[in-house]
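The values are calculated or read from the model by the stated rules, or taken from the named source; none is laboratory data. Remember, predicted model here, so these are calculated numbers, not experimental data. In this analysis, Cβ positions are derived from the backbone assuming ideal geometry, glycine residues included, and neighbour counts consider all displayed protein chains. The accessibility values were calculated without ligands, DNA or RNA, using every heavy atom of the protein model including side chains. Shrake-Rupley method; radii C 1.70, N 1.55, O 1.52, S 1.80 Å.
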Amino acid sequence: MMSHRSFSKWASILCLIFMMSNPELFHLKMTAVARIIRDGNEKSSQEVSRNVPSFAKLPSVVLDRLHIPRRSSRLPVFQEAPAFRNGKECVTSSQEWMTPGQAEEELCDSNAVHIAMTLDAAYLRGVVAGILSILQHAACPENVVFHFLVSQREADLRATLLATFPYLRFKLYHFDENIVRNKISYSIRKALDQPLNYARSYLADILPPCVGRIIYLDSDLVVVENIAKLWETSLESHILAAPEYCHANFTKYFTDDFWSDPVLSRTFEGRKACYFNTGVMVIDLVRWRQGQYTAKIEEWMDLQKMRRIYELGSLPPFLLVFAGHVKPVDHRWNQHGLGGDNFEGRCRDLHPGPVSLLHWSGKGKPWLRLDLRQSCPLDSLWAPYDLFQPAYFLEG
């Protein structure tokens, strides 16, 4: 019987023969395998290793020749996006194009639409697609300012953004993971436990005081409408605006321990609490700071560490604080759940009605499924915004 070592050796030889006979198809297959390795942040390294076929464990010289990245040491490289300019109808900012690191006053443009997103290596491809979609559909793209929260590899990520979007107005902010690390309790999916996933709770503390309103967007969505329409949402006296889904089973977001507690179970008394997805929010940062809402969210996270009252990452604390006090936004601004559930990530259809924003919340991400040639029908709506160049990676 052939030993495992001999099998791996012959598998590598056959793989090399296949590479020489059909290099284009081979590269597609190996890039897909590499993507599993690179984006294995939701699995342990041992799990990833077990799931990689033996033919994929090639000598380093072969991997280098194919430009396939090892683990997450390399960032993907993207083709340069076109420059998007304001039309004559736009009220143009008096500021010149903002270079990262310039004076903070340039962020305080009263004509700007301010957008916050988190930025990391694992979701970089999704962020780039999101940025392109926003600029492409904005009536006044030069008036859009991006605020990116970053915890690692700031210099590399900044360089990638500058190379991909030379005219982008943006600023990077360091998010200290230690602020929240000891407050995180494990959830149903490891990706939801990453400290950067909780950065949205700290926007009011991190962004400069002159930024009084922000649109927060997740890193796995594309916008197909003028973002200024969402920006102009009237918050009235509310802190937060988002699409609400009152038909959803609200009770499932909390444990039996929560609902059986005579005090905790009365948390939502006196308010019509509905589920909302925290991947798309318009936030009044002035009122947030005045009401110290970050501390209120942290109080629930501290309680969760002592007794398990919910299962789903950073979402439940937002529901506990804001559900029933949210200014409703049209559902067209968050066609969420396109990534399927948190376990299998199966394909889903759009919700009925018009669409302004497509959101691949859930386990399945369109760039991963497209690379593996296991895409869902709606992933084709994300693909036109993908600037990724598969043959190139930036060394970290």
Point to revise | Candidate set: segment 246-276, residues that are in contact (Cβ under 8 Å) with a residue 24 or more places away in the chain and of a type in the set (F, W, Y); chosen: the one farthest from F322 (Cα to Cα) | key: F258
Revision key, fill the gap. Over segment 180-190, the set of residues at pLDDT 85 or above, open to solvent by 80 Å² or more (accessible area, probe 1.4 Å) and touching a helix residue (DSSP H, G or I) at 6+ places or on another chain (Cβ under 7 Å) is R181
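Per-residue answers, yes or no, for (1) among the hydrophobic types (A, V, I, L, M, F, W, C); (2) under 20 Å from V223 (Cβ atoms); (3) not in a loop (DSSP other than H, G, I, E, B):
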site: E298; (1), (2), (3): no, no, yes
site: P316; (1), (2), (3): no, no, yes
site: V321; (1), (2), (3): yes, no, yes
site: G324; (1), (2), (3): no, no, no
site: R346; (1), (2), (3): no, no, no
site: G353; (1), (2), (3): no, yes, no
site: K363; (1), (2), (3): no, no, no
site: Q374; (1), (2), (3): no, no, no
site: P384; (1), (2), (3): no, yes, yes
Review point. Within segment 152-167, which residues are surrounded by 18 or more Cβ atoms within 10 Å (Cβ to Cβ) and in a loop (DSSP other than H, G, I, E, B)?
Key: F165
Review point. Does segment 326-344 hold any residues that are surrounded by fewer than 20 Cβ atoms within 10 Å (Cβ to Cβ), part of a helix (DSSP H, G or I) and either in contact with a Phe, Trp or Tyr (Cβ under 8 Å, 6 or more places away or on another chain) or of a type outside the set (K, R) (or both), and which are they?
Key: H331
Review point. For segment 300-330, what are the residues that are closer than 16 Å to L235 by Cα and touching a strand residue (DSSP E or B) at 6+ places or on another chain (Cβ under 9 Å)?
Key: F322, A323, H325, V326, K327, P328, V329
Review point. Quick one: is R289 under 17 Å from A199 (Cβ atoms) and charged (D, E, K, R)?
Key: yes
Practice item. Among the residues of segment 301-314, write down those that are part of a loop (DSSP other than H, G, I, E, B) and either open to solvent by 40 Å² or more (accessible area, probe 1.4 Å) or closer than 20 Å to H247 by Cα (or both). Key: R307, R308, E311, L312
Review point. For segment 125-146, does any single residue satisfy the condition of being buried (at least 17 other Cβ atoms within 10 Å of the Cβ), of a type in the set (K, R) and over 21 Å from P316 (Cβ atoms)?
Key: yes
**Study point:** Members of segment 147-185 that are within 30 Å of R308 (Cβ to Cβ) and in contact with a strand residue (DSSP E or B) (Cβ under 8 Å, 6 or more places away or on another chain)
**Key:** L149, S151, F175
Practice item. Might you let me know whether segment 168-176 holds any residue that is of a type in the set (D, E), under 19 Å from the mean Cα position of the chain (by Cα), at pLDDT 95 or above and not in a helix (DSSP H, G or I)? Key: yes
Point to revise | Positions within segment 234-271 being under 20 Å from Q335 (Cα atoms) and charged (D, E, K, R), in sequence order | key: E244
Check your understanding: So which pairs qualify, if the first residue must be in segment 277-300 and more than 12 Å from L240 (Cα to Cα) and of a type in the set (S, T, Y), the second must be open to solvent by 40 Å² or more (accessible area, probe 1.4 Å) and part of a helix (DSSP H, G or I), the Cβ gap must be under 7 Å, and the two must be at least 6 apart or on different chains?
Key -> T294/D205
Point to revise | Search result, residues across segment 345-370 that are crowded, with 17+ Cβ neighbours inside 10 Å and charged (D, E, K, R) | key: R348, K363, K365, R369
